[in-house]
Amino acid sequence: QDIPPEYDAIAQQQLLQEDTDRADRAAQAHQAYSLLQNQKWSLDRAILLYGQQHTDERLTERQNLLARLDKPLLKAASDLYKAYKLLQTASQKLELPQRVFTDSVDAIRKYASHKEGFRVKGVASRLS
């Protein structure tokens, strides 16, 4: 069967629009994933995910975030939160000024971001 040229043009235009929409959705998904990756070592996100005090609004935000993150991002947030709590406890026991605690947390976050984690080459992670 021959398709009239005007219908063929409409079908081609619809296929082109579908391809464009699909490419836009893929670009948006990639952008959202990149944003999550760029915030891999976000202290705010780590506290939201692993902190203890949550309002209803923050709980919903936490649940949405948990649904979107993959295992490496959750592990990074967990590791950062553990380091944060360790520094917080040490800072309180040593009665250090808040500025020292804040600077320490920022330094450890920058280190983890730069090195992609807390591992230090040549240092054992377990005691023998």
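Give the residue that is modelled with the highest pLDDT, with candidates limited to residues of segment 1-42 that are over 38 Å from the mean Cα position of the chain (by Cα) and of a type in the set (V, I, T). For segment 1-42, the residue satisfying everything is I10. R126: modelled with pLDDT under 90 and either closer than 16 Å to K40 by Cβ or of a type in the set (A, V, I, L, M) (or both), yes or no? No.
Residues in segment 51-75 that are touching a residue at least 12 places away in the same chain (Cβ under 8 Å) and of a type in the set (D, E): E61 alone. On inspection, E95 qualifies as open to solvent by 70 Å² or more (accessible area, probe 1.4 Å) and part of a loop (DSSP other than H, G, I, E, B).
Examine segment 108-117 for a residue that is open to solvent by less than 60 Å² (accessible area, probe 1.4 Å), among the hydrophobic types (A, V, I, L, M, F, W, C) and modelled with pLDDT under 90, and state whether such a residue exists. Within segment 108-117, one or more residues are open to solvent by less than 60 Å² (accessible area, probe 1.4 Å), among the hydrophobic types (A, V, I, L, M, F, W, C) and modelled with pLDDT under 90.
Look at (1) part of a helix (DSSP H, G or I); (2) open to solvent by 70 Å² or more (accessible area, probe 1.4 Å) and you find that L73 fails only one, number (2). The set of residues in segment 47-67 that are open to solvent by 90 Å² or more (accessible area, probe 1.4 Å) and not in a helix (DSSP H, G or I) comprises Q52, Q53.
The values are calculated or read from the model by the stated rules, or taken from the named source; none is laboratory data. Computed from a predicted structure; not experimentally measured. Reconstructed Cβ throughout: ideal geometry from the backbone, glycine too, with neighbour counts over all protein chains shown. Remember, those area values only see protein heavy atoms, side chains included, never the ligands or the DNA or RNA. Shrake-Rupley method; radii C 1.70, N 1.55, O 1.52, S 1.80 Å.
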